[in-house]
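Asks: Here it is: the structure, laid out below.
The values are calculated or read from the model by the stated rules, or taken from the named source; none is laboratory data. Being a predicted model, the structure only gives us computed values, none of them experimental. Here the Cβ positions follow ideal geometry from the backbone for every residue, glycine too, while neighbour counts run over all protein chains shown.
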Amino acid sequence: MVKPTQRSGKLIPFVTGQPSPEGQLEKWFRGIVQSNNDLISALEQLRDSYKNLFAGKILGEADQAVLLAVEITLTNAKNARVL
């Protein structure tokens, strides 16, 4: 039979460091950059799909509005990437 061992000594608390504000800001900024890149990719796919879907056809007013909004947002997203 094994005897139970008794522990002697003190329990030392382990303190975890708080994340630095700079590290949190960097993580947030990387997320914004990734989100912007994803937005650009999605908008380019949407624009290309619209152009292929309506190739040679006259676009309705609603479709023209969607394409215009996509082009404006795509331009703004690309300009933001340059900053």
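Asks: Would you mind stating whether residue 36 is out of contact with any Asp or Glu (no Cβ under 7 Å at 6 or more places or on another chain) and either in contact (Cβ under 8 Å) with a residue 24 or more places away in the chain or among the basic types (Lys, Arg) (or both)?
Replies: Values: out of contact with any Asp or Glu (no Cβ under 7 Å at 6 or more places or on another chain): yes; either in contact (Cβ under 8 Å) with a residue 24 or more places away in the chain or among the basic types (Lys, Arg) (or both): yes.
So residue 36 passes the test.
Asks: Does the stretch 50-72 hold any residues that are surrounded by 11 or more Cβ atoms within 10 Å (Cβ to Cβ) and either outside any helix (DSSP H, G or I) or small (Gly, Ala, Ser) (or both), and which are they?
Replies: 54, 59, 65, 69
Asks: Within the stretch 41-83, can you find the residues that are touching a residue at least 12 places away in the same chain (Cβ under 8 Å) and β-branched (Val, Ile, Thr)?
Replies: Those that are touching a residue at least 12 places away in the same chain (Cβ under 8 Å) and β-branched (Val, Ile, Thr): 66, 70, 73.
Asks: Out of the residues in the stretch 39-83 that are more than 21 Å from residue 29 (Cα to Cα) and among the polar types (S, T, N, Q), which is nearest to the chain's Cα centre (by Cα)?
Replies: Here the answer is 45.
Asks: Quick check on residue 7: is it modelled with pLDDT under 95 and either of a type in the set (Asp, Glu) or surrounded by 10 or more Cβ atoms within 10 Å (Cβ to Cβ) (or both)?
Replies: Working: modelled with pLDDT under 95: yes; either of a type in the set (Asp, Glu) or surrounded by 10 or more Cβ atoms within 10 Å (Cβ to Cβ) (or both): no.
When the stated conditions are applied, residue 7 does not pass them.
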